[in-house]
Amino acid sequence: MRKEFVIGLLCLLASLPVRAQEAYEFTTVRELKITPVKNQSRSGTCWSFSCIGMIEAELLRTGKGVYDLSEMFVVNRSYRDKADKYVRLHGHLNFAQGGSFADVLYVFKHYGAVPRAVYRGLAYGEDMHVHGEMEQAALGCLKAVVSDPNRKLSPVWRKAFRGIIDSYLGEIPDTFTFNGKVYTPRRFGESLGLNIDDYVSLTSFTHEPFYAPFALEIPDNWRWATSYNVPLEDLMETIDRAIQTGYTVAWATDVSEPGFTRNGLATMPDLEASLETSGSDRERWVGLSAKDREKEIEKLAEKPCREVEVTQALRQEGYDSYRTTDDHGMLIYGTAKDQTGKKFYLVKNSWGTDNKYQGTWYASETFVALKTVSIVLHRDALSGALRSKLGL
């Protein structure tokens with residue numbers, strides 16, 4: 001943790017009025033219907049949980065009722081596709097637990113869906129998801145395959161790879177019974193009545209032209225799926241318009257910032273301004289250990305503070321310098337305001353309910369503007385003007 005960061009944050013908050021030292025108090029402005037918070041546990045599958053959460057919310061929005069869909073069905077099918085591309089590229093592809101919202105949409109469109117009650121993905125003696133061993137076993141298999149020890153790939157390597165994934169997650173059923181009807185995964189997905197082609201991905205960076213699609217250069221975008229690039233103001237207006245008109249938003253973001261706390265808050269303090277006003281307290285905070293500094297930051301993050309002024313250039317700088325990374329996927333499902341009137345977004349996380357807000361995070365408008373990597377939502381949530389510019 002940089003010394004200047006800690007100095008600036010502490011001095012800034014110490015200089016704020018007394019009211020700003022109070023803990024956050026939130027008032028909900030608009031809250032859309034969503035399904036209950038789930039727990040990805042020790043697995044890098046937030047991309048599946050968050051986008052499945054959006055699909056479940058879409059089923060609620062369209063009057064189809066409450067569904068609890070299997071995230072691990074999507075994970076299993078995605079591992080198979082990722083393995084194919086990894087081998088075709090001779091191992092020159094990111095192979096890890098991460099993924100993107102495009103994986104969920106692709107699986108839903110091409111392979112269907114399965115209820116969670118039918119396929120939990122826990123065939124390895126655990127009550128919660130723990131994917132470290134599975135990932136390493138699967139990667140070891142693929143490394144052996146692409147090393148080409150036989151000087152010719154065998155026709156059974158896919159069977160060997162799938163055997164590893166199925167041993168941990170369980171075999172995907174060819175057919176299953178749900179609510180008294182027999183389905184295949186494909187038929188069940190079709191029965192839900194959603195057109196996956198209606199869902200679009202948006203992003204906002206300046207190294208590619210606006211109002212055109214491009215493949216985000218992030219390791220977990222192994223499908224090379226494209227997002228429409230729009231100016232920041234269009235991105236934020238779209239999120240607000242979506243919530244106001246009843247559409248939830250799958251949100252890919254960076255949660256490595258100290259302002260993203262484990263207790264349900266995401267803010268971006270104005271560190272640069274605070275450094276300009278730092279004074280006699282500098283030496284005292286420099287002496288803190290790394291652990292103590294983190295504790296102080298966690299305490300201060302629980303209280304209102306001044307935040308950075310977000311610009312398109314600042315977003316790009318963060319992306320280009322690795323300060324903004326694609327760390328986590330969640331679901332935006334509403335808005336709130338704090339006691340000062342500042343706007344926050346209600347965010348459904350997939351880390352269980354053991355936090356202050358029972359699995360919900362309050363993300364400031366500033367944090368969302370600066371740290372959004374991409375969003376996925378229904379095309380009808382976009383304004384007519386934006387859809388026209390994108391050719392949708």
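The values are calculated or read from the model by the stated rules, or taken from the named source; none is laboratory data. If you're wondering where the values come from, they're calculated on a predicted model, not measured in any experiment. No Cβ is skipped: glycine too gets one built from the backbone with ideal geometry, and neighbour counts run over all protein chains shown. We work out accessible area using only protein heavy atoms, side chains counted, and drop any ligands, DNA or RNA first. Shrake-Rupley method; radii C 1.70, N 1.55, O 1.52, S 1.80 Å.
The residue among Asn263, Met72, Gly132 whose Cα reaches farthest toward the positive pole of the charge dipole of the chain, with charges on the beta-carbon of Lys, Arg, Asp and Glu, is Met72. On a per residue basis, the chain carries 46 Å² of accessible surface, using protein heavy atoms and a 1.4 Å probe.
Once you charge only the Cβ atoms, +1 for Lys and Arg and -1 for Asp and Glu, what is the size of the charge dipole of the chain about its Cα centre, to the nearest 20 debye? Rounded to the nearest 20 debye, it is 1100 debye. Distance cut-off 31 Å, Cα to Cα: go down the list Lys38/Lys143; Lys33/Lys181; Lys303/Lys389; Lys33/Lys85 and report the pairs above it. Those over the limit are Lys38/Lys143; Lys303/Lys389; Lys33/Lys85.
Each part reduced to its alpha carbon centroid, the stretch 155-180 and the stretch 317-355 end up 34 Å apart.
Grouping the Cα pair distances of the stretch 309-375 into 10 Å bins from zero gives a pair-distance distribution of 19, 45, 31, 5 percent in increasing distance order. Measure nothing fancy, just the Cα-based angle from helix 132-146's long axis to the longest principal axis of the chain, in degrees from 0 to 90, nearest 10. Taking Cα atoms only, the helix is inclined about 60 degrees.
Mean-square fluctuations from a GNM of the chain, with a 10 angstrom spring cutoff on Cα atoms, peak among Ile375, Ile332, Ile218 at Ile218. Distances between placed amide hydrogens fall under 5 Å for Val29 paired with Thr335, Ala336, Lys337, all partners being 5 or more residues away or on another chain. Here the accessible area is traced with a 1.4 Å probe on the protein chains. For the chain, carbon and sulfur cover 49 percent of it. For the options Trp222, Trp351, Trp157, a Gaussian network treatment of the chain with springs between C-alpha atoms closer than 10 Å singles out Trp157 as fluctuating the most.
Where only DSSP H runs of four or more residues are counted, the chain gives -11500 deg cm²/dmol as its mean residue ellipticity at 222 nm, each run worth -39500 (n - 2.57). Just so you know, the averaged projected area of the alpha carbon convex hull for the chain sits at 21.5 nm². Evaluated at q = 0.11, 0.15, 0.23 Å⁻¹, the base-10 log of the normalised Debye intensity for the stretch 25-106, with identical point scatterers placed on the Cα atoms, takes the values -0.39, -0.64, -1.09.
What separates the Cα centres of the stretch 185-226 and the stretch 30-78 is a distance of 17 Å. The Cα-based radius of gyration of the stretch 197-269, divided by its Kirkwood radius, gives an Rg/Rh of 0.99.
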